[in-house]
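Asks: Once you've had a glance at the structure underneath, I'll fire off some questions.
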Amino acid sequence: MNYEEMLKAQESSAAQGEQTPLGSLFRKQDDRKFRCMLELRADLSDSLVFCESLRRDQKLTLGINDPHQMHYELHEDSGGIYELELEMGSYQTLSQLLNANPAVVAQKGFKFQTVDALMTFVEQLHGQGVYHLCFAPSTVFMRKSDNAPMLMCHGSSFLKMKDASLLYKGFESYVAPEVLAGGEIDQRSDIYALGRFVEYLLGSTDMPMEYKKIVKKATAEDPSARYSTVSEMREALSRHHGTKRAVLTLLTVLVIVGLLVWAYFDLVPEADTIEFVDNNGLVTKPDPFSVEYEYEEDNSGLDNDFNDPTVAYFLDSLDMAELDDEDDEMPLDSAQASQRAEAVFIKRFTRQAQTMLSNLYSTEQIGGSEAQFVTKSQDVIEELMDYAKELGEQAGLPADVASAQALRIISRLQAQLMEKVDAEEE
């Protein structure tokens, strides 16, 4: 097949056209160049009101100097306007793009950036009292160079038609009910149409739950139940988009923290078990670093295992009391001092973390806003790490040891509390 035959084959394939509310969109060759044309529906071109509305829209769009505005020329003869010639350029409709390259929707930021750019342009149109009213995928053009959306004819130019439903024949699902009924239109009519566009682009089945809520509000039958402005709807989309990124960031941070804690306990050698000899023979004390180590309370509120005079020294040191020379002379070696100070740190930090995390990981808190839960989680963890730093300094523990112990305790308590919440929900 030579070059001329290939061009003719492409023209023949493109001539089949794509249906839009106004008519059939196709490409034709003219002077070895392809031009994008729109052949008007016969039932529309026969209407004098429609033709006058189309002339008014063509004049309006010529005055809109924006890269998201598609311009066009009218072709008419003695019978009236029969087709439109779109401006020269490299573009295609959104439906053509998705049919030719479905993987484009998986590109980072494509869907959100497309919707955001469209909303920005629609806000500008609203500032001029112009409403588009229908965002069917065959009416939204995508520039091939940067996949930026472009719009052509605006629905508010055709409001003088008696039967508005005739203009959107076959595309009623993308148009607000009040528009089809010939009722009053405003920004909320475009919000409905934008909601249907978001639903199409994100997919009704795979759409995230937060976006389903936004689409549901935007496409409410009652206009008063929708977002009042496009700006309000865009802020809702941006907020949920940002929340998703924040949750992913938090999960990434938790994974990194978990790896650091694992590396710490994997690389740091285990402490030797301290043995004490009494009159009855050899007695081995339990390892206070073990997860299974439990702290039992007596009536005084202090550990039974810490009632001897040497441990009282460490408990006093954690009560913000200054150490005196006499205390420094207590008969206690450095290994015992380090281990007992760390044991007391674990006990006190666990109590504080248990209290603060229990309030955070409640059914009410988790069932609320994701953004609020993420923010509160970050605040609680930061407050606990500050407490760990202060407690570690009081106990005389190295900062890295106190931080590692705190992270291990937080991670373990979070897992336990999440299991408890899941069990309550079931």
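Asks: When the scattering of the range 91-229 is computed by the Debye formula from its Cα atoms alone, each counted once and equally, what is log10 I(q)/I(0) at q = 0.09, 0.19 Å⁻¹?
Replies: Those come out to -0.26, -1.17, one per q.
Asks: Could I ask something else about it? For a quick check of your reading of the filter: which trypsin sites (Lys or Arg not before Pro) in the range 108-145 sit in a DSSP loop and have no more than 16 other Cβ atoms within 10 Å?
Replies: Here the trypsin sites (Lys or Arg not before Pro) that fit, given the DSSP loop and packing criteria, are K108, K144.
Asks: Same structure, new question: Taking the alpha-carbon distance from K347 and a cut-off under 28 Å, which lysines remain once sequence neighbours fewer than 8 residues away in the same chain are dropped?
Replies: K285, K376, K389, K420
Asks: Please state the shape class of the range 3-244: rounded when a/c is under 1.5, otherwise prolate if a/b exceeds b/c and oblate if not, all from the C-alpha gyration tensor.
Replies: Oblate shape, in that a/c is at least 1.5 and b/c is the bigger or equal ratio.
Asks: Excluding same-chain residues fewer than 8 positions from K59, which lysines have a Cα within less than 17 Å of its Cα?
Replies: Excluding near neighbours in sequence, the set is K160.
Asks: What net charge do the residues around S231 carry, taking every other residue with its C-beta under 15 Å from that of S231, with Lys and Arg at +1 and Asp and Glu at -1?
Replies: -1
Taken together, the values in this text are just the output of simple stated rules run on the coordinates, not laboratory data. Since we're looking at a predicted model, the values are computed, not measured. Because the Cβ atoms are built from the backbone with ideal geometry, glycine has one as well, and the counts that use them run over all protein chains shown.
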